[in-house]
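Below is one structure, written out as structure tokens; the observations come after it.
The values are calculated or read from the model by the stated rules, or taken from the named source; none is laboratory data. In this text, all values refer to a predicted model and were calculated from it rather than measured experimentally. Quick reminder, even Gly has a Cβ in these numbers, built from the backbone with ideal geometry, and neighbours come from all protein chains shown.
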Ligand code: SF4
């Protein structure tokens, strides 16, 4: 069983239904990770998720794992020409500092990976940011949209992406009708003409050449609401699938926290 609660949490329904006796799925994941609860206490865990969890090797704690990974990325960054990287990645270079805009906010790094930004420096942000600078092919977005499962490795590596990111954002949009206006106001999202027959579509730029299209269908006459995230067909060339997954689930969590804090 993974020792990392988040590794368990990812596979849960994340509905906070309390049938396991815990107030939230995250509390349940934490209790399982330290052996206080058994997975079987969650009646909503699918057989597939149970099998995946049983097969997952124990992990080092997320914070430790994340820190080690970020240190490796910083070591790689020292070999990257930041001036060229700025051109390739859609950023700006000035006096040894490379600036990229993340969700409309400047994020600056020097050659050693010392970061400056007004955003919270969470792992989900730092790791994709450095990975993008190091490895992005720098392809200009084409405007052709794909589902996550159609990105290279998307379905194989993250079969629960829908539940982990899209469903979390859909729940938020259902509860917070002003969500999309807030995304435009706070994160420089751009409202687009609705795509795919949705009621609303907005474009987010978590990294300069990584546009995400969020489309939302309101519930209507007994038909449940839906929210889908689409990716430019170049996304898999500009960022690896792990980082794309990290960004989407991280954003879903961040939007949820902001909504809970500020309403
Ligand atoms: S029973 Fe399962 S889905 Fe419900 S709160 Fe507990 S962990 Fe979450």
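At a glance:
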| read-out | value |
| --- | --- |
| Residue pairs meeting the criteria (Cβ under 6 Å; at least 6 apart or on separate chains; first on the phi > 0 side of the Ramachandran plot, in the range 177-200; second assigned to a strand (DSSP E or B) and crowded, with 18+ Cβ neighbours inside 10 Å) | 196/215 |
| So residue 178, is it in contact with a strand residue (DSSP E or B) (Cβ under 8 Å, 6 or more places away or on another chain) and surrounded by fewer than 20 Cβ atoms within 10 Å (Cβ to Cβ) | no |
| Residue check for residue 227: under 18 Å from residue 189 (Cα atoms), touching a strand residue (DSSP E or B) at 6+ places or on another chain (Cβ under 8 Å) and modelled with pLDDT of 85 or more | yes |
| Subset of the range 6-48 [without any contact (Cβ under 8 Å) to a residue 40 or more places away in the chain, surrounded by fewer than 18 Cβ atoms within 10 Å (Cβ to Cβ), assigned to a loop (DSSP other than H, G, I, E, B) and within 9 Å of the ligand (Cβ to nearest atom)] | 15, 16, 17, 18, 19, 21, 23, 24, 43, 44 |
| Verdict on residue 69 being at pLDDT 80 or above, surrounded by 11 or more Cβ atoms within 10 Å (Cβ to Cβ), more than 11 Å from the ligand (Cβ to nearest atom) and over 23 Å from residue 168 (Cβ atoms) | yes |
| Residues satisfying the stated conditions in the range 87-110, i.e. within 17 Å of residue 136 (Cα to Cα) and in contact with a helix residue (DSSP H, G or I) (Cβ under 9 Å, 6 or more places away or on another chain) | 88, 89, 91, 92, 93, 98, 99, 100, 102, 107, 109 |
| Residue under evaluation residue 166, criteria (1) closer than 21 Å to residue 11 by Cα; (2) in contact (Cβ under 8 Å) with a residue 60 or more places away in the chain; (3) surrounded by fewer than 18 Cβ atoms within 10 Å (Cβ to Cβ), criterion not met | (3) |
| Wholly within the range 60-121, strands (runs of 3 or more DSSP E) carrying at least 3 residues that are in contact with a strand residue (DSSP E or B) (Cβ under 6 Å, 6 or more places away or on another chain) | 97-102, 105-109, 115-117 |
| Residue that is within 30 Å of residue 111 (Cβ to Cβ) and modelled with pLDDT under 75, where the choices are 61, 57 | 61 |
